[in-house]
Amino acid sequence: MLFELINEHSFVAINTAKMAMLVQLSEEDLAHLIQAAVRLELERALGSRRNQNPEPQEQLLNLNEVMQLLRVSRVTIFNWIRQKKIPVHRMSKKLFFKKSEILKAMLTNIDKKK
């Protein structure tokens with residue numbers, strides 16, 4: 001389902017049948033809706049990994065890959081590292097992130113906001 005913002009309290013929900021519905025929500029309700037959607041996608045990503053055979057090595061991501069995965073800026077990643085919201089591993093001057101740790105951290109941070 002896709003969402004298009006109309007104004008600060010309204011958005012259009014468009015489903016795959018090309019039907020549109022105008023819904024009015026408070027900012028709080030919209031925030032809860034977004035959190036639920038993000039949580040669902042993260043749980044799907046973690047769930048699909050749990051059902052597979054364990055990988056011999058953990059998948060390591062560099063800074064740019066984490067930025068693409070989470071769709072956030074470099075500044076946001078560094079702020080989250082400083083605030084200890086996401087774990088980081090350093091090898092000399094390079095930063096590496098374990099994908100599973102990043103996904104778990106995002107789920108944990110969503111739950112803390114409730």
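The values are calculated or read from the model by the stated rules, or taken from the named source; none is laboratory data. Given the structure is predicted, the values throughout are model-derived calculations rather than measurements. So basically every Cβ, Gly included, is an ideal-geometry build from the backbone, and we count neighbours across all protein chains shown.
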* Asked: Would the stretch 23-38 turn up any residue that is surrounded by fewer than 12 Cβ atoms within 10 Å (Cβ to Cβ), within 26 Å of Phe96 (Cα to Cα) and at pLDDT 80 or above?
  -> no
* Structure fact -> The number of residues in the stretch 86-106 that are within 18 Å of Glu43 (Cα to Cα) and surrounded by fewer than 16 Cβ atoms within 10 Å (Cβ to Cβ) is 3
